[in-house]
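> Following this message is one structure expressed as structure tokens.
Values quoted throughout were computed directly from the atomic coordinates according to the rules given, and no laboratory measurement underlies them. All figures in this text were calculated on a predicted structure; none of them were measured in a lab. Methodologically, a virtual Cβ is constructed for each residue, glycine included, from the backbone with ideal geometry; neighbour enumeration extends over all protein chains shown.
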Amino acid sequence: MKRLAYLIAGWAALLLGTLGIVLPVMPTVPFVLLAAFCFAKSSPELERKLVQHPKYGPHIKAWRTRGAISRTGKRAAYSAFAISAALGIVLLQGPVALLPAVIGILGASWIFRRPTT
């Protein structure tokens, strides 16, 4: 049962990562990393396919070995945080308007401290 849950979660993460290829605000690599984790718990063959993928395999290996994020990935995350913060300030009212900015600053500071590939 647990293995099935990981398999379903892996496919869901991979689907969300695939959507991230065409949606500019949706991240791809974090969902592929999550899918690889879930597949490692449920389907070694699917995990192997992801780790050996020419585009996403290096990101998975860098994350697993050093917790590293690519420079491009960091820039994309910083941009998404900035856009979210700006939208929050423009579209929300009161103190809640600053919530996306606070979350973005926390997320960006964590990403900044990760090694870069």
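> Any chance you could list the semi-axes, whole Å, largest first, of the equivalent ellipsoid that the Cα gyration tensor gives for region 71-113, using √(5λ)? Please list the in-between numbers first.
On the way: eigenvalues 90, 23, 3 Å².
Rounded to whole Å, the semi-axes are 21, 11, 4.
> Among 80, 97, 35, determine the one that fluctuates most according to a GNM of the chain built with springs between C-alpha atoms less than 10 Å apart.
97
> Relative to the present Cα-Cα distance, how much length would full extension add between residue 22 and residue 83 at 0.36 nm per residue of separation?
Values: separation 61, 0.36 × 61 = 21.96 nm, distance 1.75 nm.
Result: 20.2 nm gained on full extension.
> In addition: Residue 8 to residue 113: extension gain in nm, 0.36 nm per residue of separation minus the Cα-Cα distance? Walk me through the intermediate numbers first.
Working: separation 105, 0.36 × 105 = 37.80 nm, distance 3.16 nm.
Between residue 8 and residue 113, full extension yields an extra 34.6 nm.
> Distance between the C-alpha centers of region 92-117 and region 18-63? Whole Å please.
24 Å
> Given only helices, namely DSSP H runs of n ≥ 4 each adding -39500 (n - 2.57), what is the per-residue ellipticity at 222 nm of the chain, to the nearest 500 deg cm²/dmol?
Values: 6 runs with 89 residues, N = 117.
About -25000 deg cm²/dmol.
> Report which label in (i) 26, 16, 13; (ii) 24, 23, 12; (iii) 29, 17, 12 holds the value of semi-axes √(5λ) of the Cα gyration tensor in Å derived from the coordinates of this structure.
The value matching this structure is (iii).
> Quick check on the exposure proxy: order 43, 109 from fewest to most C-beta atoms within 10 angstrom. The partial results should precede the final answer.
Numbers: 43 16, 109 9.
Ascending number of Cβ neighbours within 10 Å: 109, 43.
> Among the trypsin sites (Lys or Arg not before Pro) in region 52-110, which ones are in a DSSP loop with at most 11 other Cβ atoms within 10 Å of the Cβ? Mind listing them? Don't skip to the answer; put the middle values down first.
Values: sites: 55, 61, 64, 66, 71, 74, 75; in loops: 55.
Sparse-neighbourhood loop trypsin sites (Lys or Arg not before Pro): 55.
> Over region 2-66, what portion of Cα pair distances is larger than 15 Å, expressed as a whole percent?
Values: 965 of 2080 pairs.
Looking at region 2-66, the distances longer than 15 Å represent 46 percent of pairs.
> Continuing with this model, one more query. Once whole DSSP H runs in the chain are found, which of them have Cα atoms spread over 20 Å or more along the helix axis and a mean Kyte-Doolittle score of at least 1.0?
Details: long enough: 2-22 (31 Å, 1.46); 71-91 (30 Å, 0.81); 99-113 (22 Å, 1.54).
Going by DSSP H runs, the hits are 2-22, 99-113.
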